[in-house]
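K.L.:
My questions will all concern the structure given below.
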Amino acid sequence: MSLTFTLDPAVTPTLRDGILDLWTDVSNAGGAVGFVPPVNRDAVRPSLVKHLAAMADGQSRLLVGHDGAGEVAATAFFTFNTHHLMTHWVWLYTVMVHPRHQGKGYGRDLLTAAERGARTFDGVEAVRLTCRGGLGLERFYGSCGYKEVGRIPAAIRVAPGDDRDDVIMLLPLG
């Protein structure tokens, strides 16, 4: 069974809560999505509200994947550049697949759907994301066509004495 992806879904309370649960569960499973476990919904909620506010302002767009039961199983947020010299590429943030669906190829499906979505945006020629080093994420993204274009050593401090590289990845759409 695969996921069903929707770009720009209506943000209902059910969707909002599903994303909040997904983000919390991914974080608590050790996913590199802005938090370090343990985390609860209240800690994640302000970050989700920022994403939703950016969507309401037209600065961001949401790609969501639902599983066969209709549950939110994957997300990625596109954020547009406001600087006039950088409008030809978009950021991809908060890329996540629920832990219960890991190992099924859904991460690759999510990135394929994200690429497909980005290709519909006027003037967008590339997708850029960052990932936390030390988890093998750059290898995964690389296998999906992204190229490492930069690395900032020890830019992410997940705990005292545990600094990780911030790895910059780019997917040209041309």
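No value in this document is a laboratory result; all are computed from the given coordinates. If you're wondering where the values come from, they're calculated on a predicted model, not measured in any experiment. No Cβ is skipped: glycine too gets one built from the backbone with ideal geometry, and neighbour counts run over all protein chains shown.
K.L.:
Determine the distance separating the Cα centre of segment 17-89 from the Cα centre of segment 123-174; give it in Å without decimals.
P.N.:
17 Å
K.L.:
Which of Thr87, Thr12, Thr75 ends up with the largest GNM mean-square fluctuation for the chain, with Cα atoms connected below 10 Å?
P.N.:
Thr12
K.L.:
Looking at the chain as a GNM with Cα springs under 10 Å, which of Gly150, Gly107, Gly161 has the largest mean-square fluctuation?
P.N.:
Result for the chain, Cα springs under 10 Å: Gly161 fluctuates most.
K.L.:
Whole number please: convex hull volume per residue, Cα atoms of segment 96-174, in Å³.
P.N.:
Dividing the Cα hull volume of segment 96-174 by its residues yields 105 Å³.
K.L.:
Which percent of the Cα-Cα distances in segment 58-139 go past 22 Å?
P.N.:
Value for segment 58-139: 28 percent of Cα pairs lie more than 22 Å apart.
K.L.:
OK, next. Just from its helices, what would the mean residue ellipticity at 222 nm be for the chain, if runs of 4 or more DSSP H residues each count -39500 (n - 2.57) and the sum is divided by every residue, rounded to the nearest 500 deg cm²/dmol?
P.N.:
-9500 deg cm²/dmol
K.L.:
How are the C-alpha pair distances of the chain spread across 5 Å bins, as whole percents from the shortest bin up?
P.N.:
Binned Cα distances yield the sequence 1, 8, 17, 21, 22, 18, 9, 3, 0.
K.L.:
Taking 7 Å along the Cα-to-C-beta vector as the label spot, tell me the Asp163-Glu148 distance in nanometres, rounded to one decimal.
P.N.:
The answer from the label model is 1.8 nm.
K.L.:
Which of these, Ala118, Ala159, Ala76, has the largest mean-square fluctuation under a Gaussian network model of the chain (Cα springs below 10 Å)?
P.N.:
Taking springs between Cα atoms under 10 Å, the residue moving most is Ala159.
K.L.:
Counting Lys and Arg as +1 and Asp and Glu as -1, what is the net charge of the other residues whose Cβ lies under 12 Å from the Cβ of Asn40?
P.N.:
In short, -1.
K.L.:
Okay, next question. Distance from a point 7 Å along Cα→Cβ of Met1 to each backbone N in segment 100-114: keep the residues under 15 Å and list them by number.
P.N.:
Once the point is set 7 Å along Cα→Cβ of Met1, 100-102, 104-106 turn out to lie under 15 Å by backbone N, inside segment 100-114.
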